[in-house]
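Written below as structure tokens is the structure these notes are about.
The values are calculated or read from the model by the stated rules, or taken from the named source; none is laboratory data. Bear in mind the structure is a predicted one, so any value in this text is a computation, not a measurement. Cβ coordinates were reconstructed from backbone atoms using ideal geometry, including for glycine residues, and neighbour counts include every protein chain displayed. Side chains included, ligands, DNA and RNA excluded: accessible areas come from the protein's heavy atoms. Shrake-Rupley method; radii C 1.70, N 1.55, O 1.52, S 1.80 Å.
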Amino acid sequence: RVIAFGASAGAIFAVQKAMSEMVKTTIKVEQHLTNIRVLLGATSQDFQKFSNGLYKAAKATGSSFYEVAESAEEFARQGLNIEHSLKRTTAAMTLAKLGGMDVKNATESLTAALNTFGKAAGDATTVVNKMAQVDAKFAVSSADLAEAIKRTGAAAVSASVNMNELLAVVTTAQEKTARGGAVIGNSFKTIFTRIQRPETLKQLESLGVQVRKTSGEML
């Protein structure tokens, strides 16, 4: 009788906890959707289409609707329209699954790549596809690539390094050192910043390294 009572009580508690968590998640999702609608300023019809798009994104990437709504709200805050918000949300969820990243980190990394490199990087889907292809062919994960880009993207642009070149140097460093995207990203950030100093350029020239074009412009 004690065992039976204990099993019954445990089952009841498990169901109660599950129902409680479901209610909490539902409230959070509704809050995200309310925030998104306000940010997008969409009509009821357009927002219904957007919600359906989020559901399809969640289903396609194997993510929870809460995770998708969380990412979508962040993109909506960036002033994107419905189409671009939905497209970037889907790409961010794909990146999260591909790299084993949490949704927030994937969203931030994708945002950093797109905002830093602009049109030269392509759209959100193109950026994720580039990381996926490098991930598949070399000893580096999409998570390492995303983390490195997030940390060093701005410094790379200032040093005239494009996204493809940055992916290449991060991949090479990861294969040789296995230090991870965060460490490699911070290292290249320092390198790209310091290598532009006049003193550094003079030292490189004294070593026979060409740092300027024939017109005098820095390479």
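For (1) surrounded by fewer than 14 Cβ atoms within 10 Å (Cβ to Cβ); (2) not in a loop (DSSP other than H, G, I, E, B), each residue gets a yes or a no:
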position: Ile184; (1), (2): no, yes
position: Ser187; (1), (2): no, yes
position: Thr190; (1), (2): yes, yes
position: Thr193; (1), (2): no, yes
position: Glu199; (1), (2): yes, yes
position: Glu205; (1), (2): yes, yes
position: Val209; (1), (2): yes, no
position: Ser215; (1), (2): yes, no
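Residues checked against (1) aromatic (Phe, Trp, Tyr); (2) outside any helix (DSSP H, G or I); (3) open to solvent by less than 40 Å² (accessible area, probe 1.4 Å):
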{"residue": "Ala91", "(1), (2), (3)": "no, no, yes"}
{"residue": "Thr94", "(1), (2), (3)": "no, no, no"}
{"residue": "Phe117", "(1), (2), (3)": "yes, no, yes"}
{"residue": "Asn129", "(1), (2), (3)": "no, no, no"}
{"residue": "Ala132", "(1), (2), (3)": "no, no, yes"}
{"residue": "Ala139", "(1), (2), (3)": "no, yes, no"}
{"residue": "Ile149", "(1), (2), (3)": "no, no, yes"}
{"residue": "Val169", "(1), (2), (3)": "no, no, no"}
Condition check for Glu205: under 19 Å from the mean Cα position of the chain (by Cα), of a type in the set (Asp, Glu) and either at negative phi or at pLDDT below 95 (or both): no
Evaluation of Gln78 against (1) among the polar types (S, T, N, Q); (2) closer than 26 Å to Ser51 by Cβ; (3) open to solvent by less than 50 Å² (accessible area, probe 1.4 Å) (one fails), failing number: (3)
Members of the stretch 31-50 that are more than 16 Å from Arg88 (Cβ to Cβ), assigned to a helix (DSSP H, G or I) and not acidic (Asp, Glu): Gln31, Leu33, Thr34, Asn35, Arg37, Val38, Ser44, Gln45, Phe47, Gln48, Lys49
Subset tally (residues that are over 14 Å from Asn129 (Cα atoms), in contact (Cβ under 8 Å) with a residue 40 or more places away in the chain and within 14 Å of the chain's Cα centre (by Cα)) for the stretch 74-97: 1
Tally of residues being within 11 Å of the chain's Cα centre (by Cα) and without any contact (Cβ under 8 Å) to a residue 12 or more places away in the chain across the stretch 101-148: 1
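Can you tell me which residue among Lys130, Lys189, Lys202 is in contact with a Leu (Cβ under 7 Å, 6 or more places away or on another chain) and of a type in the set (D, E, K, R)?
On the way: Lys189 fails: in contact with a Leu (Cβ under 7 Å, 6 or more places away or on another chain); Lys202 fails: in contact with a Leu (Cβ under 7 Å, 6 or more places away or on another chain).
Only one candidate qualifies: Lys130.
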Subset of the stretch 171-182 (residues that are surrounded by 12 or more Cβ atoms within 10 Å (Cβ to Cβ) and among the β-branched types (Val, Ile, Thr)): Thr171, Thr172
Number of positions in the stretch 151-164 that are open to solvent by 70 Å² or more (accessible area, probe 1.4 Å) and in a loop (DSSP other than H, G, I, E, B): 2
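Can you confirm whether the stretch 59-66 contains a residue that is open to solvent by 10 Å² or more (accessible area, probe 1.4 Å), of a type in the set (D, E, K, R) and either in contact with a helix residue (DSSP H, G or I) (Cβ under 8 Å, 6 or more places away or on another chain) or not in a helix (DSSP H, G or I) (or both)?
Kept after step one, since they are open to solvent by 10 Å² or more (accessible area, probe 1.4 Å), are these residues of the stretch 59-66: 59-66.
Still in the list and also of a type in the set (D, E, K, R): 59.
Checking which are either in contact with a helix residue (DSSP H, G or I) (Cβ under 8 Å, 6 or more places away or on another chain) or not in a helix (DSSP H, G or I) (or both) leaves us with none.
No, every residue in the stretch 59-66 fails to be open to solvent by 10 Å² or more (accessible area, probe 1.4 Å), of a type in the set (D, E, K, R) and either in contact with a helix residue (DSSP H, G or I) (Cβ under 8 Å, 6 or more places away or on another chain) or not in a helix (DSSP H, G or I) (or both).
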